[in-house]
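The values are calculated or read from the model by the stated rules, or taken from the named source; none is laboratory data. Note that the structure is a prediction, hence the values are computed from the model and not measured. Ideal geometry is used to build each Cβ from the backbone, glycine not excepted, and the neighbour counts take in all protein chains shown. All accessible areas refer to the heavy atoms of the entire protein, side chains included, with ligands and DNA or RNA removed. Shrake-Rupley method; radii C 1.70, N 1.55, O 1.52, S 1.80 Å.
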Amino acid sequence: MDYLAIDRHIAFLYRKLLSSHNNPINVEAEKNKVFSEKNYNPVLNYEKDFNSLIYIKNELNKIQPDFTPIGKLFNEKIKEMLNKINLIASSGSSSFSKNSVKLYGKPSPELVKHALKFMELPDEPQLQVHSTSSAKRKFIDYFLRNDMDWQVREKEMVVAASFNVTKKILYINKNRKFSENDLRRLFVHEIGTHITRAENAKKQKFKLFLIGFPDYLATEEGLAVY
């Protein structure tokens, strides 16, 4: 069995799946309504590329790895990607929560109780607040000091920061300000964990290291937060 060929095909389909991700297209409008009306329940609209999702799903179902250790990893990654497709396709529908639990799992009551304790902690004092442009300069400086050939760009999005491994671009939210502690956390979280892992993964023989082993996300996000 040609494991490298399977590996590259799964990686190709994974990248197509990433480009099929659908963010809400009316976030800012609904956000304004939420802040102006306390009891308003936001209604998010999504733009979906169903043709691409169907193509990826059909191609994944054609792949038949064996039951060797590497074959089992491929099988689990395929299952994970199929669950991701179902989740994306169900955005905005009543089955979204069920598909989300199927893909990511559900926290135990003990974990939820533990998380609520953190929500009760007082907010950190914002001693120094940076604009997006100021934060951008600090990220660029961080990359330069660590000899990493990455760009930093501003982007309208929900999260504080995200990145594109293929293009080697770190995106930061253009609509928010960053405290000094925000920046320190993001340096470690995004660059010190996610981007460093991705850069190391590029040097490996199998693309699976780069796109992530099955269920890698929980471990990596936990490590990044820790």
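Things worth noting here:
- With a Förster radius of 30 Å applied to the beta-carbon distance between Ser90 and Ile70, the computed FRET efficiency rounds to 0.45.
- Degrees, to the nearest 10: 109-119 long Cα axis against longest axis of the chain: 30
- Across the range 109-205, Cα pairs under 8 Å and at least six residues apart give a relative contact order of 27 percent.
- Comparing Asn32, Asn51, Asn175 in a Gaussian network model of the chain, where Cα atoms under 10 Å apart are tied by springs, the biggest mean-square fluctuation is seen for Asn32.
- Shape call, the range 1-121: gyration tensor on alpha carbons, a/c limit 1.5: oblate
- Extension gain for the segment Ile54 to Val27, taken as residue separation times 0.36 nm less the Cα-Cα distance, is 7.1 nm to one decimal.
- Summing charges over all other residues whose Cβ lies under 14 Å from the Cβ of Ser131, with Lys and Arg as +1 and Asp and Glu as -1, gives +3.
- Take the convex hull of the alpha carbons in the range 185-224; its mean projected area over all directions comes to 2.6 nm².
- Model label sites at Lys38 and Arg8, defined 7 Å from Cα along the beta-carbon direction, differ in position by 6.1 nm.
- Between 0 and 90°, nearest 10: helix 50-62 axis offset from the chain longest Cα axis: 40
- Overall form of the range 118-226 per C-alpha gyration tensor (a/c, 1.5; a/b vs b/c): oblate
- Using a Gaussian network model of the chain in which every pair of alpha carbons under 10 angstrom is joined by a spring, one finds that among Ser91, Ser20, Ser134 the greatest mean-square fluctuation is at Ser134.
- Choice from Asn146, Asn164, Asn58 with maximal GNM fluctuation in the chain (Cα, 10 Å cutoff): Asn146
- Accessible surface of the chain [probe 1.4 Å, protein heavy atoms]: carbon and sulfur percent: 55
- The chain - accessible surface per residue (Å², probe 1.4 Å): 66
- Taking all Cα pairs closer than 8 Å and separated by 6 or more residues, the relative contact order of the chain comes to 17 percent.
- Take Glu28: with every protein chain present and a 1.4 Å probe, its accessible area is about 70 Å².
- Normalised alpha carbon radius of gyration of the range 57-100 [divisor 2.2 N^0.38 Å]: 1.36
- Rounded to the nearest 10 degrees, the angle from helix 132-145 to the longest Cα principal axis of the chain is 60 degrees.
- Cα-based shape type of the range 164-206, given that a ≥ b ≥ c are square roots of the gyration tensor eigenvalues and the cut on a/c is 1.5: oblate
- GluC sites (Glu not before Pro) lying in DSSP loop within the range 78-128, provided at most 14 other Cβ fall within 10 Å: Glu120
- Residues Met1, Met157 ordered from highest to lowest accessible area at a 1.4 Å probe: Met1, Met157.
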